[in-house]
Structures are given as structure tokens and as C-alpha cells.
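First the structure, in the form of C-alpha cells, and then the observations on it.
The values are calculated or read from the model by the stated rules, or taken from the named source; none is laboratory data. Worth saying up front: this structure is predicted, and the values here are computed from it rather than measured. A quick note on method: Cβ atoms are made from the backbone with ideal geometry, for glycine too, and the neighbour counts reach across all protein chains shown. Remember, those area values only see protein heavy atoms, side chains included, never the ligands or the DNA or RNA. Shrake-Rupley method; radii C 1.70, N 1.55, O 1.52, S 1.80 Å.
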Amino acid sequence: MSAGQKRTPVWAAISRTLTADIAEGRYAPGDKLPTEAELSARFGVNRHTVRHALKAMSEAGLTHARRGSGVFVAQVPTDYPIGKRVRFHANLQKSGLLPGKEILSCETRASDQREAEALGLAKGDFVHVYDGLSLADGQALAVFRSVFPANRFPGILQYIQDFKSVTEALKACGVEDYTRSSTRLTVKRATATQALHLRIHEGDPILRTVGINIDPQGTPVEYGTTWFAGDRVTLTLAQDATP
């Protein structure tokens, strides 16, 4: 090294090496990187230096940390069509991903003003509420809430627990088809609870969609709100999301 040549910082050299490992396929999108202790041993440095390297990679969009789980290689955002027919399982399967659902809670309660207006009810009419987590290849993609008129669908919560699918639950209740009548998209900041479920940091950007689904007669059957992890999905507006 010549006298005038600058020495590459150790953390930068580590970052470049790990970036090359990712580029060469040693770590695929979604893979967990070795722990800080393991990387410290590999490169013969302290954890602070490793932390600096990982922070640089995160800022470059190459990795992301999940609280309590470690550092993972960033995945290519999933294309998620928002159109006349929005079907979670079909959307993910088209992207080559394995869809999954986790039920967080199911309850029956009085509707608030916004829910009542969306479903054509009077404020205080009872609704069934389904809170859940949407997964893609086992990774949390979104937190969601689905609200249904309780009087029309008295048994829908049981069907949801049986099928873990709103489409199948509605079919069991006699609604063979439904379409999206409206969708609103808004960028929000993750609350502490949302961040915990999505394994992101509180305050990270999330994409919120609010939609109303109607049956073939035009009657609202579901009022849904979904909060997508901002770095894991690309929402695309489509004429029709499924055939």
C-alpha cells in the first residue's frame, strides 16, 4: 500500500465480503445471516465492528433485522395486486410463495361508526371481527382486520377458524363470490403491536389498505383493513386480481 493510499475500514471490508456472499448465492433472500458472535469469530474483530458492517448493509437495503431473531437477507418485495377480486392465497401463489394465515383473535362486539357505515349497519349493531397475520413462505407479510355483519353471518367466526380463509368462510355462509367495491391506500408508521407481529421496528413505514367487499347484489359483506410491512410488498393496482 502506498503512503497516500487510504486504508479500507475493517467494517467496510466485512460489509463488502458479506455483500459478495449474498451476490454469489451463499445467502439467499430471506436467509438468516450468522450471529454477531459468529461473524466476530470469522473476521477476527469485535462485535462493534460487525455491528457497523451490518448497519451499513441495512442502510443499503441488503439486510433487515428482526427483533429477537437476527439479521436476514432482504427479500425481493412481493407483487400484490389490488383489484376487483383480491384473494390473498391466489395472489401469493402467483408469486411462487406459500401463503399462510395465523389467527390472532376473533370476537363479536358492537360496531363503531366507521364499521357501521362501511357495512350499511346502524352504529352499535353487532359485528364479527377477525384479526390475523398473513404469511408468505413463513414470513410475516401483513397484519389485518376483517369485520363482518353478525346478523347476516352468525357462524362465520367458526368457519374462519376451520378454514383460515375469508373466501371459504363466506362460501360456507352462502356467499359464492364477492368483489372489491373500494380500496384506500395510505402510508402509516408501525405501532408497537404491529411492529412486534411483523418483526420490524416501531415507527417503520407500513402500507395500509382499507377496503369494502360486496356480494353480487352489491351488499357489503366485509370491511377490511390490512397493514403491510413496507419493505416486503409492492401493491399494484389491477383491473382484476384473479380470474
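A few comments on the model shown:
- Principal axis dimensions, largest first and in whole angstrom, of segment 1-62 by Cα: 42, 23, 19
- Stretch gain in nm, segment K171-R184, where the contour uses 0.36 nm per residue and the Cα spacing is subtracted: 2.1 nm
- Ligands, DNA and RNA left out, the 1.4 Å accessible surface of the chain is 50% carbon and sulfur atoms.
- For R85, nonlocal amide neighbours, meaning residues 5 or more places apart or on other chains whose placed amide H falls under 5 Å from its own, are R180, A241, T242.
- Surface/4 of the Cα convex hull for the chain, nm²: 16.2 nm²
- Label-point separation, D162 to Q93 (7 Å along Cα→Cβ), nm: 2.0 nm
- Size of segment 117-243 from its Cα atoms: along the principal axes, largest to smallest, the extents are 39, 31, 30 Å.
- Approximating the spin labels as points 7 Å out from Cα along Cα→Cβ, the A41-to-T191 distance works out to 4.2 nm.
- Between the Cα long axis of helix 47-59 and the first principal axis of the chain there is an angle of about 50°, rounded to the nearest 10.
- Expressed in units of 2.2 N^0.38 Å, where N is the residue count, the Cα radius of gyration of segment 1-128 is 1.69.
- Using only side-chain charges placed at the Cβ, +1 for Lys and Arg and -1 for Asp and Glu, the dipole size of segment 77-221 relative to its Cα centre rounds to 320 debye.
- Label point 7 Å beyond Cα of S69 along Cβ direction - residues of segment 115-144 with amide nitrogen under 11 Å: 135-142
- Local charge for R109 was computed over the other residues whose Cβ lies under 13 Å away, with Lys and Arg +1 and Asp and Glu -1, and equals -3.
- Under 5 Å between amide hydrogens, built in the peptide plane, is the criterion, and for D125 it picks out S111 among residues at least 5 positions away or on other chains.
- Each peptide among 222-234, 19-31, 77-89 gets the average number of other Cβ atoms lying within 10 Å of its residues, and from highest to lowest they stand as 222-234, 77-89, 19-31.
- Cα-only radius of gyration and Dmax that characterise segment 188-228, units Å: 13.9, 42
- Calculated accessible area for segment 1-156 comes out at 53 Å² per residue, all protein chains present (probe 1.4 Å; ligands, DNA, RNA ignored).
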